1. Going by what's in this entry, would THR60 be described as surrounded by fewer than 18 Cβ atoms within 10 Å (Cβ to Cβ), in a strand (DSSP E or B), in contact with a Lys or Arg (Cβ under 7 Å, 6 or more places away or on another chain) and among the β-branched types (Val, Ile, Thr)?
2. Among ARG135, ARG174, ARG145, which is the only one that is modelled with pLDDT of 85 or more and more than 28 Å from the chain's Cα centre (by Cα)?
3. Would you check which residues across the stretch 100-118 are under 27 Å from GLU71 (Cβ atoms), touching an Asp or Glu at 6+ places or on another chain (Cβ under 8 Å), of a type outside the set (Ser, Thr, Tyr) and crowded, with 18+ Cβ neighbours inside 10 Å and list them?
4. Residue under question is VAL190, and the condition is that it be open to solvent by less than 60 Å² (accessible area, probe 1.4 Å), at pLDDT below 90 and of a type in the set (A, V, I, L, M); does it hold?
5. Taking the stated definitions as given, is VAL169 open to solvent by 50 Å² or more (accessible area, probe 1.4 Å), part of a helix (DSSP H, G or I) and in contact with a helix residue (DSSP H, G or I) (Cβ under 8 Å, 6 or more places away or on another chain)?
6. So ARG145 fits all but one of (1) surrounded by 12 or more Cβ atoms within 10 Å (Cβ to Cβ); (2) charged (D, E, K, R); (3) over 29 Å from ARG266 (Cβ atoms); what number is the exception?
7. Could you check, for the stretch 51-73, whether at least one of its residues is over 18 Å from the mean Cα position of the chain (by Cα), under 30 Å from VAL159 (Cα atoms) and without any contact (Cβ under 8 Å) to a residue 60 or more places away in the chain?
8. Take the residues in the stretch 228-253 that are hydrophobic (A, V, I, L, M, F, W, C), assigned to a strand (DSSP E or B) and over 11 Å from VAL282 (Cα atoms), then tell me which one is farthest from the chain's Cα centre (by Cα).
Amino acid sequence: ANDANRVARLESALEKESAMSTATPSEHGTDLSVHSGNKLSTKAKRRIIRIKSTMPEATTTVTNDFQGLDEALFKIVVMNCVAGGEIDYPSLASDKPCFGCNMNTSVLADYFDAASCRWETLLTQPWELTFNASRGPQMRKNSKRMSTTFDIESNPCHVSFSEHFLVNVGAASRMWSVYSGATKQATTLVEERVKDDSSKRRLSRSMAAHAARSLITTLPYAIENHSGINASYSLYNDQSIFELPTSSTRFFRFELFPEKGSGGARKYGQDVKHAKSISIYVGSTKICIPDMDREASKARSVHYIADMQTHVFAKVVKRGNS
(Lines give C-alpha, C1' and ligand atoms only; values in the text may rest on other atoms or scores of the structure.)
Protein backbone atom coordinates (compact mmCIF):
# COMPACT_ATOMS: atom_id res chain seq x y z
CA ALA A 1 0.00 0.00 0.00
CA ASN A 2 2.85 2.40 0.84
CA ASP A 3 4.56 1.70 -2.50
CA ALA A 4 1.30 2.25 -4.39
CA ASN A 5 0.76 5.58 -2.63
CA ARG A 6 4.35 6.64 -3.38
CA VAL A 7 3.90 5.86 -7.09
CA ALA A 8 0.63 7.82 -7.13
CA ARG A 9 2.30 10.85 -5.52
CA LEU A 10 5.24 10.75 -7.95
CA GLU A 11 2.88 10.45 -10.91
CA SER A 12 0.78 13.38 -9.68
CA ALA A 13 3.91 15.50 -9.17
CA LEU A 14 5.07 14.66 -12.69
CA GLU A 15 1.74 15.76 -14.17
CA LYS A 16 1.80 19.03 -12.23
CA GLU A 17 5.39 19.75 -13.28
CA SER A 18 4.55 19.09 -16.94
CA ALA A 19 1.47 21.33 -16.81
CA MET A 20 3.28 24.21 -15.07
CA SER A 21 6.27 24.11 -17.41
CA THR A 22 3.99 24.12 -20.48
CA ALA A 23 1.78 26.96 -19.24
CA THR A 24 4.51 29.40 -18.14
CA PRO A 25 8.05 30.12 -19.34
CA SER A 26 10.67 28.55 -17.10
CA GLU A 27 14.32 29.32 -16.49
CA HIS A 28 15.20 25.86 -15.09
CA GLY A 29 17.28 23.75 -17.45
CA THR A 30 15.76 20.43 -16.41
CA ASP A 31 12.05 21.29 -16.84
CA LEU A 32 10.02 18.92 -18.94
CA SER A 33 8.99 21.77 -21.25
CA VAL A 34 11.33 21.93 -24.21
CA HIS A 35 10.58 25.57 -25.16
CA SER A 36 11.29 27.26 -21.85
CA GLY A 37 11.40 31.02 -22.28
CA ASN A 38 10.84 30.92 -26.07
CA LYS A 39 7.65 32.09 -27.77
CA LEU A 40 6.51 30.30 -30.89
CA SER A 41 4.26 31.71 -33.54
CA THR A 42 0.63 30.70 -33.09
CA LYS A 43 0.40 30.09 -36.84
CA ALA A 44 3.18 27.45 -36.79
CA LYS A 45 1.98 23.87 -37.10
CA ARG A 46 3.26 22.05 -34.05
CA ARG A 47 3.25 18.37 -33.26
CA ILE A 48 3.82 17.25 -29.67
CA ILE A 49 4.18 13.66 -28.52
CA ARG A 50 3.99 12.97 -24.78
CA ILE A 51 4.74 9.65 -23.09
CA LYS A 52 4.27 8.78 -19.45
CA SER A 53 4.84 5.46 -17.68
CA THR A 54 4.77 4.14 -14.12
CA MET A 55 6.20 0.81 -12.90
CA PRO A 56 5.62 -0.20 -9.27
CA GLU A 57 8.20 -3.02 -9.27
CA ALA A 58 10.36 -5.04 -11.67
CA THR A 59 12.87 -7.75 -10.72
CA THR A 60 15.80 -9.04 -12.79
CA THR A 61 17.75 -12.12 -11.63
CA VAL A 62 21.17 -13.01 -13.07
CA THR A 63 22.12 -16.70 -12.87
CA ASN A 64 25.12 -18.80 -13.83
CA ASP A 65 24.16 -22.00 -15.69
CA PHE A 66 27.43 -22.63 -17.52
CA GLN A 67 29.07 -26.06 -17.28
CA GLY A 68 26.15 -27.67 -15.49
CA LEU A 69 25.72 -25.07 -12.74
CA ASP A 70 22.38 -23.60 -11.78
CA GLU A 71 23.25 -20.85 -9.30
CA ALA A 72 21.90 -17.37 -8.85
CA LEU A 73 24.40 -14.51 -8.72
CA PHE A 74 22.36 -11.44 -7.84
CA LYS A 75 19.00 -9.81 -8.43
CA ILE A 76 18.07 -6.17 -8.97
CA VAL A 77 14.67 -4.78 -7.97
CA VAL A 78 13.54 -1.51 -9.56
CA MET A 79 10.78 0.08 -7.48
CA ASN A 80 8.48 3.08 -7.86
CA CYS A 81 9.76 3.98 -11.32
CA VAL A 82 8.00 7.02 -12.81
CA ALA A 83 9.10 8.35 -16.21
CA GLY A 84 7.77 10.98 -18.59
CA GLY A 85 8.89 12.41 -21.90
CA GLU A 86 7.90 14.94 -24.53
CA ILE A 87 8.99 15.39 -28.15
CA ASP A 88 8.06 18.71 -29.74
CA TYR A 89 8.22 19.44 -33.46
CA PRO A 90 7.90 23.28 -33.74
CA SER A 91 6.73 22.90 -37.34
CA LEU A 92 6.12 19.95 -39.62
CA ALA A 93 9.00 21.03 -41.89
CA SER A 94 11.46 21.60 -39.05
CA ASP A 95 14.49 19.31 -38.85
CA LYS A 96 15.33 20.28 -35.27
CA PRO A 97 12.89 18.57 -32.91
CA CYS A 98 13.10 19.31 -29.21
CA PHE A 99 12.64 16.88 -26.37
CA GLY A 100 12.44 16.71 -22.61
CA CYS A 101 12.30 13.70 -20.29
CA ASN A 102 12.74 12.80 -16.66
CA MET A 103 12.71 9.65 -14.54
CA ASN A 104 12.75 8.86 -10.84
CA THR A 105 13.23 5.40 -9.34
CA SER A 106 14.56 3.45 -6.37
CA VAL A 107 16.82 0.40 -6.72
CA LEU A 108 17.30 -2.54 -4.37
CA ALA A 109 19.70 -5.46 -4.87
CA ASP A 110 20.46 -8.82 -3.24
CA TYR A 111 23.23 -11.34 -3.86
CA PHE A 112 22.96 -15.12 -3.52
CA ASP A 113 25.17 -16.76 -0.89
CA ALA A 114 25.87 -20.25 -2.23
CA ALA A 115 27.21 -21.40 1.16
CA SER A 116 23.91 -20.79 2.98
CA CYS A 117 21.63 -20.98 -0.09
CA ARG A 118 20.00 -17.70 0.89
CA TRP A 119 19.61 -14.23 -0.53
CA GLU A 120 21.67 -11.63 1.32
CA THR A 121 21.32 -7.86 1.12
CA LEU A 122 23.62 -6.17 -1.40
CA LEU A 123 22.19 -2.64 -1.13
CA THR A 124 21.40 -2.02 2.52
CA GLN A 125 19.21 0.99 1.68
CA PRO A 126 17.16 1.89 -1.40
CA TRP A 127 19.28 3.71 -3.95
CA GLU A 128 17.24 6.60 -5.35
CA LEU A 129 18.08 7.99 -8.79
CA THR A 130 16.69 10.94 -10.72
CA PHE A 131 17.46 11.55 -14.39
CA ASN A 132 16.55 14.65 -16.44
CA ALA A 133 17.36 15.50 -20.06
CA SER A 134 16.24 18.26 -22.41
CA ARG A 135 17.06 19.67 -25.83
CA GLY A 136 15.80 23.03 -27.10
CA PRO A 137 16.80 26.51 -28.30
CA GLN A 138 19.33 28.37 -26.22
CA MET A 139 18.10 30.91 -23.71
CA ARG A 140 20.28 33.66 -25.21
CA LYS A 141 18.63 36.11 -27.57
CA ASN A 142 19.30 36.04 -31.31
CA SER A 143 20.84 32.56 -31.09
CA LYS A 144 19.74 29.71 -33.36
CA ARG A 145 21.91 27.06 -31.73
CA MET A 146 20.30 24.15 -29.88
CA SER A 147 21.22 23.32 -26.31
CA THR A 148 21.18 19.80 -24.80
CA THR A 149 21.26 19.26 -21.05
CA PHE A 150 21.62 16.07 -19.01
CA ASP A 151 21.23 15.94 -15.26
CA ILE A 152 21.65 12.87 -13.03
CA GLU A 153 20.98 13.08 -9.31
CA SER A 154 21.99 10.15 -7.12
CA ASN A 155 21.50 9.51 -3.44
CA PRO A 156 24.24 7.65 -1.49
CA CYS A 157 24.64 3.99 -2.46
CA HIS A 158 25.21 1.72 0.55
CA VAL A 159 26.73 -1.66 -0.46
CA SER A 160 27.41 -4.72 1.70
CA PHE A 161 28.65 -8.14 0.50
CA SER A 162 30.80 -11.11 1.48
CA GLU A 163 33.68 -12.88 -0.26
CA HIS A 164 31.26 -15.53 -1.55
CA PHE A 165 29.72 -12.93 -3.86
CA LEU A 166 33.10 -12.04 -5.37
CA VAL A 167 34.00 -15.72 -5.80
CA ASN A 168 30.73 -16.51 -7.60
CA VAL A 169 30.97 -13.50 -9.90
CA GLY A 170 34.61 -14.32 -10.70
CA ALA A 171 33.74 -17.95 -11.53
CA ALA A 172 30.90 -16.83 -13.80
CA SER A 173 33.24 -14.39 -15.56
CA ARG A 174 35.82 -17.11 -16.22
CA MET A 175 33.14 -19.49 -17.55
CA TRP A 176 31.86 -16.78 -19.87
CA SER A 177 35.41 -16.27 -21.17
CA VAL A 178 35.67 -19.98 -21.98
CA TYR A 179 32.28 -19.97 -23.69
CA SER A 180 32.93 -16.85 -25.76
CA GLY A 181 36.41 -18.11 -26.68
CA ALA A 182 35.02 -21.45 -27.91
CA THR A 183 32.33 -19.68 -29.93
CA LYS A 184 34.84 -17.29 -31.50
CA GLN A 185 37.23 -20.10 -32.37
CA ALA A 186 34.44 -22.15 -33.99
CA THR A 187 33.35 -19.14 -36.04
CA THR A 188 36.93 -18.46 -37.18
CA LEU A 189 37.45 -22.06 -38.34
CA VAL A 190 34.25 -22.00 -40.36
CA GLU A 191 35.12 -18.70 -42.02
CA GLU A 192 38.53 -20.04 -43.06
CA ARG A 193 37.15 -23.22 -44.67
CA VAL A 194 33.97 -21.96 -46.34
CA LYS A 195 34.03 -19.35 -49.08
CA ASP A 196 30.31 -19.03 -49.87
CA ASP A 197 28.75 -16.27 -47.72
CA SER A 198 25.37 -17.95 -47.18
CA SER A 199 26.93 -21.28 -46.23
CA LYS A 200 29.43 -19.47 -44.04
CA ARG A 201 26.70 -17.79 -42.01
CA ARG A 202 24.69 -21.01 -41.68
CA LEU A 203 27.65 -23.12 -40.59
CA SER A 204 28.88 -20.37 -38.29
CA ARG A 205 25.60 -20.36 -36.39
CA SER A 206 25.59 -24.15 -36.24
CA MET A 207 29.13 -24.33 -34.87
CA ALA A 208 28.44 -21.63 -32.33
CA ALA A 209 25.30 -23.42 -31.13
CA HIS A 210 27.22 -26.70 -30.83
CA ALA A 211 29.95 -24.99 -28.80
CA ALA A 212 27.31 -23.54 -26.48
CA ARG A 213 25.60 -26.90 -25.98
CA SER A 214 28.92 -28.57 -25.16
CA LEU A 215 29.46 -26.13 -22.29
CA ILE A 216 25.93 -25.98 -20.90
CA THR A 217 24.39 -28.94 -19.07
CA THR A 218 20.66 -28.84 -18.38
CA LEU A 219 20.82 -31.44 -15.59
CA PRO A 220 22.54 -29.80 -12.62
CA TYR A 221 21.73 -32.56 -10.09
CA ALA A 222 23.03 -36.13 -9.98
CA ILE A 223 22.61 -39.22 -7.81
CA GLU A 224 25.24 -41.96 -7.53
CA ASN A 225 24.84 -45.46 -6.12
CA HIS A 226 27.98 -46.94 -4.54
CA SER A 227 26.21 -49.11 -1.97
CA GLY A 228 26.43 -52.38 -3.90
CA ILE A 229 22.61 -52.67 -3.73
CA ASN A 230 20.19 -51.82 -6.50
CA ALA A 231 17.93 -48.89 -5.60
CA SER A 232 15.42 -46.48 -7.11
CA TYR A 233 14.43 -42.85 -6.54
CA SER A 234 11.64 -40.33 -7.14
CA LEU A 235 11.57 -36.53 -7.19
CA TYR A 236 9.30 -34.05 -5.46
CA ASN A 237 5.68 -34.11 -6.67
CA ASP A 238 6.47 -36.77 -9.29
CA GLN A 239 4.84 -40.21 -9.18
CA SER A 240 7.48 -41.72 -11.47
CA ILE A 241 10.11 -43.99 -9.92
CA PHE A 242 13.48 -44.23 -11.67
CA GLU A 243 15.82 -47.19 -11.39
CA LEU A 244 19.26 -46.66 -9.85
CA PRO A 245 21.44 -49.75 -10.31
CA THR A 246 24.58 -50.16 -8.26
CA SER A 247 27.70 -48.33 -9.55
CA SER A 248 25.56 -46.03 -11.70
CA THR A 249 24.97 -42.28 -11.95
CA ARG A 250 21.73 -40.55 -12.97
CA PHE A 251 21.46 -36.84 -13.80
CA PHE A 252 18.23 -34.91 -13.31
CA ARG A 253 16.70 -31.51 -12.64
CA PHE A 254 13.68 -30.36 -10.68
CA GLU A 255 10.71 -28.93 -12.53
CA LEU A 256 10.50 -25.16 -12.79
CA PHE A 257 8.09 -23.38 -10.50
CA PRO A 258 4.81 -22.57 -12.29
CA GLU A 259 4.04 -18.90 -12.93
CA LYS A 260 1.47 -16.96 -14.91
CA GLY A 261 1.47 -17.87 -18.60
CA SER A 262 3.35 -20.76 -20.16
CA GLY A 263 6.57 -22.27 -18.88
CA GLY A 264 7.99 -21.75 -15.42
CA ALA A 265 10.47 -19.72 -13.41
CA ARG A 266 13.65 -20.51 -11.54
CA LYS A 267 13.54 -19.80 -7.82
CA TYR A 268 16.41 -19.61 -5.36
CA GLY A 269 16.88 -19.13 -1.63
CA GLN A 270 13.89 -17.67 0.20
CA ASP A 271 11.94 -17.44 -3.08
CA VAL A 272 11.65 -21.25 -3.36
CA LYS A 273 8.02 -22.27 -2.95
CA HIS A 274 8.75 -25.91 -2.11
CA ALA A 275 11.89 -27.78 -1.13
CA LYS A 276 13.87 -29.69 -3.75
CA SER A 277 13.32 -33.07 -2.11
CA ILE A 278 14.17 -36.57 -3.33
CA SER A 279 13.19 -40.03 -2.04
CA ILE A 280 15.51 -43.05 -2.37
CA TYR A 281 14.14 -46.59 -2.10
CA VAL A 282 16.49 -49.37 -0.97
CA GLY A 283 14.60 -52.60 -0.45
CA SER A 284 11.57 -51.75 1.69
CA THR A 285 13.30 -48.71 3.24
CA LYS A 286 12.59 -45.16 2.10
CA ILE A 287 15.33 -42.56 2.54
CA CYS A 288 14.10 -38.97 2.29
CA ILE A 289 16.31 -35.97 1.56
CA PRO A 290 14.07 -32.96 2.32
CA ASP A 291 16.13 -30.33 0.50
CA MET A 292 19.07 -31.05 -1.80
CA ASP A 293 20.47 -27.53 -1.54
CA ARG A 294 20.44 -27.33 2.26
CA GLU A 295 21.71 -30.87 2.80
CA ALA A 296 24.94 -30.07 0.91
CA SER A 297 26.47 -28.46 4.01
CA LYS A 298 25.53 -31.25 6.44
CA ALA A 299 27.26 -34.46 7.53
CA ARG A 300 26.35 -37.81 6.02
CA SER A 301 23.43 -39.78 7.45
CA VAL A 302 23.14 -43.52 8.13
CA HIS A 303 20.07 -45.65 7.41
CA TYR A 304 19.39 -49.25 8.45
CA ILE A 305 17.92 -51.53 5.75
CA ALA A 306 15.93 -54.02 7.80
CA ASP A 307 15.14 -56.63 5.14
CA MET A 308 18.83 -56.81 4.14
CA GLN A 309 20.25 -56.28 7.64
CA THR A 310 22.77 -53.73 6.47
CA HIS A 311 23.42 -50.00 6.69
CA VAL A 312 23.45 -47.45 3.87
CA PHE A 313 25.10 -44.03 4.11
CA ALA A 314 23.67 -40.99 2.30
CA LYS A 315 25.53 -37.74 1.75
CA VAL A 316 24.83 -34.70 -0.40
CA VAL A 317 27.92 -32.99 -1.76
CA LYS A 318 28.47 -30.08 -4.10
CA ARG A 319 31.05 -30.72 -6.82
CA GLY A 320 32.36 -28.80 -9.82
CA ASN A 321 29.36 -29.11 -12.12
CA SER A 322 26.61 -30.84 -10.09
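1. Yes.
2. None of the others qualify; the one that does is ARG135.
3. Within the stretch 100-118, ASP110, PHE112, ALA114, CYS117 qualify.
4. So VAL190 passes the test.
5. Spelling it out, it is not the case that VAL169 is open to solvent by 50 Å² or more (accessible area, probe 1.4 Å), part of a helix (DSSP H, G or I) and in contact with a helix residue (DSSP H, G or I) (Cβ under 8 Å, 6 or more places away or on another chain).
6. Looking at each condition in turn, ARG145 falls short on (1).
7. The answer is yes, given that some residue of the stretch 51-73 is over 18 Å from the mean Cα position of the chain (by Cα), under 30 Å from VAL159 (Cα atoms) and without any contact (Cβ under 8 Å) to a residue 60 or more places away in the chain.
8. In this case the residue turns out to be PHE242.
The values are calculated or read from the model by the stated rules, or taken from the named source; none is laboratory data. All figures in this text were calculated on a predicted structure; none of them were measured in a lab. Here Cβ is always computed from backbone atoms with ideal geometry, including for glycine, and neighbour counts include all displayed protein chains. Just the protein is used for accessible areas: all its heavy atoms, side chains included, with ligands, DNA and RNA removed. Shrake-Rupley method; radii C 1.70, N 1.55, O 1.52, S 1.80 Å.
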